[in-house]
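Peer 1: Handing you this structure, nothing more for now.
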Amino acid sequence: MRHIAIIGSGPAGYYTAEAAQKQWGDDVRVDIFDMLPVPYGLIRTGVAPDHQSIKGVARRYEATALSENVRFVGNVMVGKDVTVEELQGLYDAVVLATGAPHDRKMDLPGENLPNVYGSAAFVGWYNGHPMFANLDPDLSGDTAVVIGMGNVALDVTRILSKTREEFAGSDIVAHALDVLDTSKLRRIVILGRRGPHQIMMTPKELGELSHLSRAAPRVDPQDLPEVGEDALLEPGLRKSVNHLRSFAAIPASHYGDVPIEIEFDFYASPKAILGDGKVTGVEVERTTVEAGRAVGTGETYVIPAGLVVCCIGYQTSRIPGVPFDDRAGRFPNDEGRILPGLYCVGWARRGPSGTIGTNRPDGFSVIEKIAEDIGAGAGKQGRPGFDALAQARGLDVVTFRDWKKIEAEEEARAREGAPREKFVRVEEMIAARGS
Ligand SMILES: Cc1cc2nc3c(=O)[nH]c(=O)nc-3n(C[C@H](O)[C@H](O)[C@H](O)COP(=O)(O)OP(=O)(O)OC[C@H]3O[C@@H](n4cnc5c(N)ncnc54)[C@H](O)[C@@H]3O)c2cc1C
């Protein structure tokens, strides 16, 4: 019998469990740990609340979770409640699938001013992550600056633009909906250091900006390269650039009809967040792109703004006793191997890149490596060993059955038309599982 501990119940964790089942069938026991009492990582707390069809992938993980040899061990933080070393003593392989939950710092003056947020915090707030439930952003200013040209920047912009009615059918949490209702925003500036050909935004997400009831996207036609140059782009990017071209063709008169303008500011590198006690603006330097890189021109200007959200990437959390690559912001590894018996997968292995599906081959690949390394298993204790340790330590473990009770409570208290109203505090989640 092989015993595998997977740390993190996001896509990478569940795909790795699925791969372990395919590899060994009944001859493996998998425990999936999560620091939260609820599973699925960024499927619950990252993927946008108005993209429910994408969140539906969790049903696939549930099939894995409900099988006899896979167990969810929620409400246990590895590195705090139990160490990696202890788990290595109990399991043949420990796989870190802990994601990349921290915002990459911009290292700009003023970055820590109130009402300046990283996307992990801001997205966590509207998606009900317990760590960010108290964020309470102030939306009373008329301008927000969203820094970054990827899909997370689009998610944040779209969420800031939508009306309450447009959130029908979503699982945006009530505290966020209430604050968004008070929004006085009239302008959202999406800031990118490079040009339209260097965006990381995908066509579907970009196209959604054309269908907002109270907001319209604006692109300066002068920022767009010659049409002929689009032919060199890969097809997805070409489609995205086509959307930008259609935004640039929106007649000026249309903007008078919608309260919020979403303005793409290309070739614009943030230099400082301005403010005194509260953010008042962003100082920006104009750039040009040379050989794909942004180069400052020395010309600067200020965008007055009352809210700034930085969507420039994420890094993995350190775990005591595990080597960490500071520059890359993740665990150093050779195809998933960190140290003997210790592996990583998903965003903890690769950094924040790719789609949900990219984590699947990653999970299968790490199980191949583990199969090469552990053979038939070393006769470790696995589950019973962890259960004894949890009991001795008084850990309040949340099981998958508990999660199903929490989920049922969340569904029962949903506002009309919504799939669920999430609990946003750990204590509420624990209470909802009942006795
Ligand atoms: C805002 C946002 C929107 C996105 N939208 C999409 C989308 O629409 N479509 C798409 O394809 N992809 C999307 N993605 C990407 C997708 O979410 C990731 O590819 C995927 O979630 C990465 O999976 P993971 O398992 O590596 O990490 P995660 O999903 O982050 O899971 C990590 C898990 O580990 C747990 N954990 C962390 N540390 C510990 C610890 N010490 N002890 C115990 N547990 C721990 C966390 O609680 C979490 O549950 C989005 C990402 C973000 C940030």
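Peer 1: Determine the share of the range 1-63's accessible area contributed by carbon and sulfur atoms, expressed in whole percent, with a 1.4 angstrom probe. Walk me through the intermediate numbers first.
Peer 2: Details: 990 of 1950 Å².
Ligands and nucleic acids excluded, carbon and sulfur reach 51 percent.
Peer 1: Moving on to the next point. Would you mind getting me the FRET efficiency between ARG286 and GLU62? Use the beta-carbon distance for r and R0 = 45 Å, nearest 0.05.
Peer 2: 0.35
Peer 1: Would you calculate, for the chain, the mean residue ellipticity at 222 nm contributed by helices, counting each DSSP H stretch of 4 or more residues as -39,500 (n - 2.57) and dividing by all residues, to the nearest 500? It would help to have the intermediate numbers written out before the result.
Peer 2: Details: 16 runs with 138 residues, N = 435.
Result for the chain: -9000 deg cm²/dmol, rounded to the nearest 500.
Peer 1: Starting from the coordinates of the alpha-carbon atoms of the range 351-435, obtain the Kirkwood hydrodynamic radius over all distinct pairs and give the value in Å to one decimal.
Peer 2: Result for the range 351-435, one decimal place: 16.8 Å.
Peer 1: Let me ask something additional. For the range 147-255, what class follows from the C-alpha gyration tensor (a ≥ b ≥ c being the square roots of its eigenvalues): rounded when a/c is under 1.5, otherwise prolate if a/b is larger than b/c, else oblate?
Peer 2: Prolate, since a/c reaches 1.5 and a/b exceeds b/c.
Peer 1: At a 10 angstrom cut-off on C-beta neighbours, averaged per residue, how do the peptides 10-23, 362-375, 232-245 rank from highest to lowest?
Peer 2: Packing proxy ranking, top to bottom: 10-23, 362-375, 232-245.
Peer 1: Same structure, new question: Length gain on complete extension for the stretch GLN381 to ASP325, per 0.36 nm per residue less the alpha carbon to alpha carbon distance?
Peer 2: Length gained, GLN381 through ASP325: 17.0 nm.
Peer 1: Once phi is turned into ³J(HN,Hα) by the Karplus curve 6.51 cos²θ - 1.76 cosθ + 1.60 with θ = phi - 60°, what whole-Hz value does each residue of the range 175-189 show in order, with x for glycine and proline?
Peer 2: 5, 6, 4, 5, 5, 4, 4, 8, 4, 10, 4, 10, 9, 10, 9
Peer 1: How far apart, in nm, are the 7 Å Cα→Cβ label points at THR358 and ASP223?
Peer 2: Using points 7 Å along Cα→Cβ, the separation is 2.4 nm.
Peer 1: Starting from 0.36 nm per residue, how many nanometres of slack lie between MET77 and VAL179 once their C-alpha separation is accounted for?
Peer 2: Values: separation 102, 0.36 × 102 = 36.72 nm, distance 3.07 nm.
Length gained between MET77 and VAL179: 33.7 nm.
Peer 1: When the accessible area of the range 215-288 is computed with all protein chains present and a 1.4 Å probe, what percentage of it is carbon and sulfur?
Peer 2: Carbon and sulfur: 52 percent of the exposed surface of the range 215-288.
Peer 1: So, one more: In the range 27-95, what is the volume of the convex hull around the alpha carbon atoms, normalised per residue and reported in Å³?
Peer 2: 96
Peer 1: Sticking with this one: Given labels modelled 7 Å from the Cα in the Cβ direction, how far is it in nm from MET200 to ARG425?
Peer 2: That separation, rounded to one decimal, is 3.5 nm.
Peer 1: Going through the range 37-142, which GluC sites (Glu not before Pro) have at most 13 other Cβ atoms within 10 Å and a DSSP loop state?
Peer 2: Hits after loop and neighbour filter: GLU68.
Peer 1: Could I ask something else about it? In the calculated pair distance distribution of the chain, what percentage of Cα-Cα distances lie above 29 Å?
Peer 2: On the way: 46970 of 94395 pairs.
Above the 29 Å cut-off, the chain has 50 percent of its Cα pairs.
Peer 1: In square angstrom, what is the accessible area per residue of the chain with a 1.4 angstrom probe?
Peer 2: 43
Peer 1: Mind checking which lysines have their C-alpha under 23 Å from LYS405, skipping anything on the same chain fewer than 8 residues away?
Peer 2: Correct list for LYS405: LYS55, LYS422.
Peer 1: Of all beta bridges DSSP finds with both residues in the chain, what is the antiparallel percent, to the nearest 5?
Peer 2: Approximately 35 percent, going by the DSSP bridge assignments.
Peer 1: Using alpha-carbon positions, what is the distance between the centroids of the range 152-212 and the range 27-85, in Å?
Peer 2: 27
Peer 1: Apply the Karplus parameterisation 6.51 cos²θ - 1.76 cosθ + 1.60, with θ equal to phi minus 60°, to every residue of the range 326-336 and state each ³J(HN,Hα) to the nearest whole Hz, in sequence, with x for glycine and proline.
Peer 2: Using θ = phi - 60°, the values come out as 4, 5, 7, x, 7, 7, x, 7, 10, 6, x Hz.
Peer 1: If you don't mind, another one. Could I have the simple spin-label model distance between LYS239 and LYS271, label points 7 Å from Cα toward Cβ, reported in nm to one decimal?
Peer 2: 3.9
Peer 1: Based on the mean of other beta carbon atoms within 10 Å per residue, what is the order of 90-98, 47-55, 390-398, most packed first?
Peer 2: Ranking, from highest mean packing down: 90-98, 47-55, 390-398.
Peer 1: What angle, in degrees between 0 and 90 and rounded to the nearest 10, separates the Cα long axis of helix 400-412 from the longest principal axis of the Cα atoms of the chain?
Peer 2: Relative to the chain, helix 400-412 is tipped by roughly 40 degrees.
The values are calculated or read from the model by the stated rules, or taken from the named source; none is laboratory data. Since this is a predicted model, take the numbers as computed values, not measurements. Because the Cβ atoms are built from the backbone with ideal geometry, glycine has one as well, and the counts that use them run over all protein chains shown. The accessibility values were calculated without ligands, DNA or RNA, using every heavy atom of the protein model including side chains. Shrake-Rupley method; radii C 1.70, N 1.55, O 1.52, S 1.80 Å.
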